[in-house]
Amino acid sequence: MLFNSLHFLTFFPIVLAAYFSIPQRWKWLLLLSASCYFYMVFIPKYILVLFALILIDYTAGIIIERAQGRRRKRWLAASLIANIGLLGFFKYFNFASANLAAFFSALHCGFVIPNLDVALPLGLSFHTFQSMSYTIEVYRGAQKAERHLGMYALYVLFFPQLVAGPIERPQNLLHQFYERREFDYQDAADGFKRIVWGLFKKTVIADRLAVFVNEVYGNSGAYNGAALIVATYLFALQIYCDFSGYTDIALGVARTMRFKLGENFNRPYFSRSIGEFWKSWHISLTTWFFDYVYSALPWRWYASLLFVFLLSGLWHGANWTFVLWGAMHGFYMVVSILTRETRRRMVAFLHLDRAPVLRKTWQQLATFHLVALAYVPFRAKSLSETWAIMVKIFNFSDWRLPLHFKSDITGLWIALAAALLLGCIERAQRDAWGSISFPGKPPIRWVVYFAMVLIVVCLGKFEAQSFVYFQF
Amino acid sequence: MALRQRSRDEIYKELTDVFRDVFDDNQIDLSDETSAKDIAGWDSLATINLAIEAERVFGVKFLTTELSRLKNVGEFVSVITQKLGR
């Protein structure tokens, strides 16, 4: 079920009303049933895959907690293999077989593995990572094994964050299912504000920008460098508004029911370095990779960093383009760490420390452009298309923007004006985490909120366009 | 024992300079118990910068897994001492 669909618009109020009307002891069951229904709207039979995974990890958790020595390690390994195996089977089987076939054909060896004709279960990369987080934390002794199967199932299936995160840690989420929850006006108001804010980002900005990005990237051969540069900038805005908009809705929905999910974004495009960008973009995934993979690698920092970023690229999709995206970010990180001292000397030499605003602006612009450049492989369909687009982008001979877009140009202007508003608001909230609240007394605030809803309803693009990160 | 103690003190002094340089803060004073919670901005990335500086100053090399096991500065100093003694 999509958050930006009519289906959800009826589903959510019913669940919310029922949630606060029934006794505490049945609340978990309601949430679990609602979550199963939410998931089954996509492909019903895949819920069985999730149930199997839940049973394995639930059992593994209890055994890991009770066992000693090697047995604990074996059960952790069993849980990790089950999760990664399942992810590998659904997400990477065809990618691996195609690459193996290409490899063997290069060696003139007729070796063919049949392709699997299965759709990827929605959000599999997200909930397998959340499940692994549970068994790893139990193994580390940081989380008690959950004895209530229903509660554990809810930890994996909780519908606000089921298909695209935030990837939660058991320490943050599991105990919340046990807490007593009565309706709270403030939480409900905060939750709904966040939902509207998320819908604004998704329907007014992301989906409107997507029309142009899809037009240019869908036929990249027909457009010149200038158009591709603009489309890449627009894609940077689109993907941020799409994913952070989804996250706002997820956090807002959870908040109305008085759950607090982890923040996933912190104004990433205002980052002053690539390191800062990764601390503010898809935070739950970055911390997952750093806490569980990076920290366990027996290599020097640069090798570990590159590996983690390559893996993060592959996590996004079974395509070399995503691996290249990860490699670019890994390369940026390593270079930025290695050049830290040189850059510091340069700042002193140029006396840039006396012009902090100029320095900050330069750092933000440079970081944004590096991130935007890496979006080329992220958005392109193949490595060869990436290469062709890069060649056009860096061939500075043709600067004329083509003015013959098929799509409605008004939509683009609406999206850009909305993005400007978003940028101004984000800039004004210095330390706030994505949450939105306007100053002023209640009547003025209410006018602003009403205007926001009106903007979403009137200017939003409600064609139930899926979220970009759902495919991962 | 006295020699060992002194070298640990020296390591402390040099490591304090490394921390002050990485975090750009001359007020930092280290103790065995100082941990990531006590210094603003001490995260995985800062740990890499600390390791690179420490590698340069002490002439040793660290692996990612060694660094991520450290709970506080005391353990960091112990790892450096151990590596220098090899």
- prompt: Of the numbered conditions (1) surrounded by 13 or more Cβ atoms within 10 Å (Cβ to Cβ); (2) out of contact with any Ser or Thr (no Cβ under 8 Å at 6 or more places or on another chain); (3) assigned to a helix (DSSP H, G or I), A:Ile43 satisfies every one except a single condition; which is it?
  reply: (3)
statement: Selection from the stretch B:35-80 of residues within 10 Å of the chain's Cα centre (by Cα) and hydroxyl-bearing (Ser, Thr, Tyr) yields B:Thr47, B:Ser78
statement: Only one of A:Ile239, A:Ile274 is β-branched (Val, Ile, Thr) and within 14 Å of chain B (Cβ to nearest Cβ), namely A:Ile274
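Results for (1) in contact (Cβ under 8 Å) with a residue 12 or more places away in the chain; (2) farther than 24 Å from A:Trp315 by Cβ, shown as yes or no for each residue.
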| site | (1), (2) |
| --- | --- |
| A:Arg74 | no, yes |
| A:Ala102 | no, no |
| A:Val112 | no, yes |
| A:Pro121 | yes, no |
| A:Tyr139 | yes, no |
| A:Glu146 | yes, yes |
| A:Leu173 | yes, no |
| A:Phe183 | yes, yes |
| A:Gln186 | no, yes |
query: Of A:Phe322, A:Phe378, A:Phe289, which residue is more than 18 Å from B:Ile52 (Cβ to Cβ), assigned to a helix (DSSP H, G or I) and within 14 Å of another protein chain (Cβ to nearest Cβ)?
result: A:Phe289
message: Please pick out the residue among A:Ser384, A:Ser407 that is modelled with pLDDT under 85, assigned by TED's automatic domain parsing to the domain that holds A:Ile239 and closer than 27 Å to A:Asn319 by Cβ.
response: A:Ser407
- request: Identify all residues within the stretch A:163-179 that are closer than 18 Å to A:Arg258 by Cβ and crowded, with 22+ Cβ neighbours inside 10 Å; write none if there are none.
  value: A:Pro166, A:Glu168, A:Leu173
query: How do the pairs read when you match residues in the stretch A:296-309 that are at the interface with chain B (Cβ under 7 Å from one of its Cβ atoms) and in contact (Cβ under 8 Å) with a residue 12 or more places away in the chain with residues anywhere that are among the hydrophobic types (A, V, I, L, M, F, W, C) and outside any loop (DSSP other than H, G, I, E, B), using Cβ under 7 Å and keeping only pairs 6 or more apart or on different chains?
result: A:Trp301/B:Ile48; A:Trp301/B:Ala51
message: Can you tell me which residue is nearest to the chain's Cα centre (by Cα) among those in the stretch A:86-113 that are under 30 Å from A:Tyr58 (Cβ atoms) and either aliphatic (A, V, I, L, M) or surrounded by fewer than 12 Cβ atoms within 10 Å (Cβ to Cβ) (or both)?
response: A:Leu87
- request: Mind telling me which of the residues A:Ala327, A:Ala318 ends up being in contact (Cβ under 8 Å) with a residue 12 or more places away in the chain, surrounded by 19 or more Cβ atoms within 10 Å (Cβ to Cβ) and within 25 Å of A:Ser382 (Cα to Cα)?
  value: A:Ala318
- request: For the stretch A:346-366, state whether one or more residues are loosely packed, with under 12 Cβ neighbours inside 10 Å, within 24 Å of A:Gly317 (Cα to Cα) and out of contact with any Lys or Arg (no Cβ under 9 Å at 6 or more places or on another chain).
  value: no
query: Since A:Arg267 meets every condition but one in (1) away from every other protein chain (no Cβ under 14 Å); (2) without any contact (Cβ under 8 Å) to a residue 60 or more places away in the chain, which condition does it not meet?
result: (2)
field: Matching option when the condition is in a helix (DSSP H, G or I) and surrounded by fewer than 22 Cβ atoms within 10 Å (Cβ to Cβ), among A:Ala226, A:Ala254, A:Ala231, A:Ala206
entry: A:Ala226
- request: Considering only the stretch B:7-28, state which residues are hydrophobic (A, V, I, L, M, F, W, C) and within 14 Å of chain A (Cβ to nearest Cβ).
  value: B:Val18, B:Val22, B:Phe23
query: Somewhere in the stretch A:229-239, is a residue more than 18 Å from A:Ala372 (Cβ to Cβ), of a type outside the set (D, E, K, R) and in contact with a helix residue (DSSP H, G or I) (Cβ under 8 Å, 6 or more places away or on another chain)?
result: no
- prompt: How many residues are at pLDDT below 90, within 9 Å of chain A (Cβ to nearest Cβ) and not in a helix (DSSP H, G or I) if we restrict to the stretch B:29-86?
  reply: 1
- request: Examine the stretch A:328-347 for a residue that is in a helix (DSSP H, G or I), over 22 Å from the mean Cα position of the chain (by Cα), farther than 29 Å from A:Cys241 by Cβ and away from chain B (no Cβ under 14 Å), and state whether such a residue exists.
  value: yes
statement: Scanning the stretch A:358-372 residue by residue, those within 19 Å of the chain's Cα centre (by Cα) and not aliphatic (A, V, I, L, M) turn out to be A:Phe368
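The values are calculated or read from the model by the stated rules, or taken from the named source; none is laboratory data. On a predicted model such as this, the values are computed, not experimentally measured, just so you know. Every residue, glycine as well, gets a Cβ built from its backbone with ideal geometry; the counts of neighbours run over all protein chains shown.
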